[in-house]
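Data first, discussion second: the structure below is written as structure tokens.
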Amino acid sequence: MLDHVTLPISDFARSIAFYDQVLQPLGIERHFTDTESGFAGYGANDLLFFWIGQQEEGVTTVTHIAFTAANRALVDRFYEAGLTAGGQDNGEPGLRPHYHADYYGAFVLDPDGHNIEAVCHKPAGA
């Protein structure tokens, strides 16, 4: 069972501004910030499961993280928030039937190039 994930980041202020905006449509908020160490924790319902952490040498690899969205409209809102926050398009909202018939996802690249996804596995209207 997965408890939490931490992504390495190169610019703490830029990354918290991005993640504060892009995760909000999914109901995920920042609940912990330590500017001295460069770590921030995000979560929902008193559970912090997504972390970002400043790396001294910068980011050397990129990661793919997918967040569950309750419906397709939230995937759309996530995507728009990601672009507004300065993320780069890496796959607009839509069906990805090669994964499964109801896989509706969107992808944005964060300021360090990490591939951040929101996905809904429910049929349209569910």
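Each value in this text was obtained by applying a stated rule to the coordinates, not by laboratory testing. Keep in mind the model is a prediction, meaning the values are calculated, not measured. Methodologically, a virtual Cβ is constructed for each residue, glycine included, from the backbone with ideal geometry; neighbour enumeration extends over all protein chains shown.
Details
- 0 to 90° range, to nearest 10: angle between helix 72-84 axis and the chain longest Cα axis: 40
- Centre separation in Å (Cα based) which lies between the stretch 3-69 and the stretch 73-106: 19
- Vicinal HN-Hα couplings computed from phi for the stretch 98-106 (Karplus, 6.51 cos²θ - 1.76 cosθ + 1.60; Hz; Gly/Pro x): 5, 8, 6, 4, 10, 6, 10, x, 9
- Scaling the Cα radius of gyration of the stretch 1-78 by the globular reference 2.2 N^0.38 Å produces a ratio of 1.10.
- Value of Rg to Rh for the stretch 28-126, rounded to two decimals, is 1.01; Kirkwood radius and Rg both from alpha-carbon coordinates.
- Shape descriptor for the stretch 36-94: Rg over Rh equals 1.00 (Cα atoms; Rh from the Kirkwood inverse mean 1/r).
- Antiparallel bridges, percent of DSSP beta bridges restricted to the chain (to nearest 5): 70
- Helix 12-23 axis, angle to the chain major axis (alpha carbon atoms, nearest 10°): 20
- Here the spin labels are modelled as points 7 Å beyond Cα on the Cα-Cβ line, and at residue 5 and residue 103 they lie 1.5 nm apart.
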